[in-house]
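Where a number appears in this text, it was derived from the coordinates with a stated rule and is not lab data. Predicted, not measured: the structure shown is a model, and the values here were computed from it. Here the Cβ positions follow ideal geometry from the backbone for every residue, glycine too, while neighbour counts run over all protein chains shown.
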Amino acid sequence: MVLSSRKKKNPRNTIKSKILKTRKRKRDFDEVYKDYFNKTDLPHDEDLKGCGQYKCFACDIYFINNDALKQHEKTKKHKRRVKLLHKETAYTYKDSLKAAEITF
């Protein structure tokens with residue numbers, strides 16, 4: 001006689017794993033592109049690092065103080081991101097229509 005056992009679930013299909021994936025997800029290139037070229041004054045926010053005053057607009061990262069921000073700007077990762085922002089343009093609605101071969 002076989003004992004009944006419950007059906008085992010694959011952990012990759014759980015809701016928790018989907019939540020964790022989206023929490024770590026970074027902003028899309030077109031959103032960062034828009035913020036990088038339209039820099040505005042940052043509001044004071046207690047929940048962010050450094051009260052939200054020290055932000056790298058290219059990498060979309062907040063820092064504790066200005067020294068940490070300056071140190072980050074010397075890294076290769078930051079320089080590559082800035083180079084990519086100046087080289088490419090953001091994906092727009094017109095680009096999507098062109099890819100779908102829709103004209104007006």
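A few points about this structure:
- The calculated 222 nm mean residue ellipticity attributable to helices in the chain amounts to -12500 deg cm²/dmol, summing -39500 (n - 2.57) over DSSP H runs of n ≥ 4 and dividing by all residues.
- When only the Cβ of Lys, Arg, Asp and Glu is charged (+1, +1, -1, -1), the dipole of the chain relative to its Cα centre reaches about 1040 debye.
- Listed peptides 79-92, 47-60 appear in the order 47-60, 79-92 once ranked by packing, highest mean of other Cβ atoms within 10 Å at the front.
- Amide H contacts of residue 61: 56, each under 5 Å away and 5 or more positions distant or on a separate chain (H built 1.01 Å from N in the peptide plane; Pro and chain starts excluded).
- You can think of it this way: the chain between residue 49 and residue 18 has 8.6 nm of extra reach, that is 0.36 nm per residue less the Cα-Cα gap.
- Ranked 102, 61, criterion: other C-beta atoms within 10 Å, fewest first: 102, 61
- Rh (Kirkwood; distinct C-alpha pairs) - the chain, Å: 17.6
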